[in-house]
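The structure appears below as structure tokens.
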Amino acid sequence: MSFTAIILAAGKGTRMNSALPKPLHRVGGHAMLAWSMDTARLAGAERIVTVLAPGSEDIQEWLDGAPFAIQEDQLGTGNAVAAARDAVGHEDGVAIVMFADTPLVSADSLKHLAKGVEAGAGIVVVGFRPDDPSGYGRLVEDADGIISRIVEDKECSPAERAIGLCNGGIMAVSRSSLFTWLDRVTNDNAKSEYYLTDIIAIAHADGATVRHVVIDETEVMGVNDRRDLAVAEAALQARLRQTAMESGVTMIAPETVFLSADAVIERDVVIEPHVVIGAGCHIGEGSIIHAFSHLEGARLGTCCVIGPYARLRPGTEAADGVKIGNFVEVKKARLGDGAKANHLTYLGDAEIGAGANVGAGTITCNYDGFGKYKTLIGEGAFIGSNSALVAPVNIGAGAIIGAGSTITSDVEPDSIAVERGDTRNKPGGAARFRSLKSKAKQRGT
Ligand code: UD1
Ligand code: MG
């Protein structure tokens, strides 16, 4: 299966009320345009042309060399597809028109559309039956149940407005006919726009077969404002959680867990409530992510125990059986098998050997306001609580750091380093102090 995808992304996106172009708003951690492109690729698109408005440098930069066409004026969806004419060509084959604000369409649906055109249809459109059809174009069937035209909401007669079958926006068209049909579209309508949807009546009049496939509403929901964005996110999250649970992940309160679409979560992982798994995470088999933890760019081996309230930032790499506990922040740090940092710690730009134990309140002082420096902690080392490890610094394997130490130079393997004042103990001192203070208070001094 191969086709050319034309992704329309030149609309103004006014209702997003945003400095960021609408196609770059994210759903499940990915730009909506990335969803459209990835899905097209997954369905077998051999070429993807994105249609952009002039001045869309942000999106062009994001496209990073991928083909695009410019629609000079936003004169409607038909005019937008026409702008892709040179980039798409008239050869035989299938073109699929997609919208950059419809991120949840599935690759299977695209394949289904493309197959319809390969099997001889001139156009295959996506139909759906929303609870509230207002705003959508309606698919109008002739006496034989064949779609003869699409009428936009603004142009509907009362009888047409009552039609429940709506246009999902996505359509597959025979590439050799697409642009000749588009040439015949006029802007004689309520919005004075060139409607892509008008090619259905033109194709039908030419005797071409127009078919439709009905798909689930969630696949074609369009994102026009922030509320739609939240609805799309919720639908995607529901899908991601379901896939994770089907593949053997336990979620105690799935509706409170947020997953980036690229998360890899192995079997028998348990995710407690209120956890966010951001982009670039891999969680190994049997690990537990306790409540209120936030992970991004973290790779965990098997049977790790994370949180509650842990923050794993990009570059966290934990081997097997690692424990990272409450209020621990980890960034660009590798922890060997069974290493532990159970409480109130910051580990940044660090390598921590297998079996090392990092005590509560330990801080790797990795930044001096100018550069970042590394802390190396050897296998089996024990870092006492409330230690500051001033990088660059190397704590040897099996070394012990006394609690409260500020370590500024390397520590040999198996040695003990303590850097703090000795405790001065004055027997009876507390009683003398209290008696002096209470007498002074009575005198009023
Ligand atoms: C469109 C369909 C409607 C369908 C609905 C489904 C047309 C005329 N109408 O309406 O039948 O029910 O989608 O969501 O096609 N765009 C451009 N250039 C333009 C205008 C739009 O690139 O000049 C892009 C937009 O960025 C967007 C897409 O085309 O990605 C759809 O445009 P939009 O204005 O949202 O169309 P609807 O009115 O929703
Ligand atoms: Mg729309």
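Details
- Convex hull of segment 369-426 built on C-alpha atoms - directionally averaged projected area, nm²: 4.7
- FRET efficiency for Val418 and Glu285, using Cβ-Cβ distance with R0 set to 60 Å, rounded to 0.05: 0.90
- Interchain or long-range residues, amide H under 5 Å from Arg149's placed H: Val140
- Proximal aspartates and glutamates relative to Lys340, as straight alpha-carbon distance under 15 Å, when same-chain residues fewer than 8 apart are discounted: Glu317, Asp320, Glu329, Glu351, Glu379
- Candidate cross-link partners of Lys154 among the lysines, defined by an alpha-carbon separation under 26 Å and a same-chain spacing of 8 or more, comprise Lys12, Lys22, Lys191.
- Mean separation of Cα contacts under 8 Å, 6 or more apart, over the residue count of the chain: relative contact order %: 8
- Segment 329-389 - share of DSSP beta bridges that are antiparallel (%, nearest 5): 5
- Three-way shape call for segment 1-116 based on the alpha-carbon gyration tensor, with the a/c threshold at 1.5: oblate
- Positive minus negative residues near Ala399 (Lys, Arg vs Asp, Glu; Cβ under 11 Å): -4
- Note on segment 3-220: antiparallel DSSP beta bridges, both residues inside, total approximately 45 percent of the bridges counted.
- Summarising the strand pairing of the chain, around 20 percent of its internal DSSP beta bridges are antiparallel.
- Interchain or long-range residues, amide H under 5 Å from Glu419's placed H: Gly402, Ser405, Thr406
- Segment 226-417, relative contact order in percent, only Cα pairs under 8 angstrom and at least six apart counted: 9
- Values of log10 I(q)/I(0), in the order q = 0.12 Å⁻¹, for the chain under a Debye, Cα-only, solvent-free model: -0.98
- Distances between placed amide hydrogens fall under 5 Å for Tyr195 paired with Gly78, all partners being 5 or more residues away or on another chain.
- Environment charge of Ser247, counting only residues whose C-beta is closer than 14 Å and scoring Lys/Arg +1, Asp/Glu -1: -1
- Within segment 3-220, all pairs of alpha-carbon atoms sorted by distance into 10 Å bins from zero give the percentages 8, 36, 40, 15, 1.
- Rounded to whole numbers, the Karplus 3J(HN,Hα) couplings from phi for segment 36-44 are 4, 5, 5, 5, 4, 4, 4, 7, x Hz, using 6.51 cos²θ - 1.76 cosθ + 1.60 with θ = phi - 60°, and x at Gly and Pro.
- Most mobile of Ile96, Ile147, Ile271 in a GNM of the chain (Cα contacts under 10 Å): Ile147
- In order through segment 389-399: 3J(HN,Hα) via Karplus (6.51 cos²θ - 1.76 cosθ + 1.60), integer Hz, x for Gly, Pro: 9, 8, 7, x, 8, 10, 9, x, 4, x, 6
Only the coordinates and a few stated rules stand behind these numbers; no lab work does. It should be emphasised that the depicted structure is a prediction, and the values quoted were computed from it without experimental measurement. Don't worry about glycine lacking a Cβ; one is built from the backbone with ideal geometry, like all the others, and counts go over all protein chains shown.
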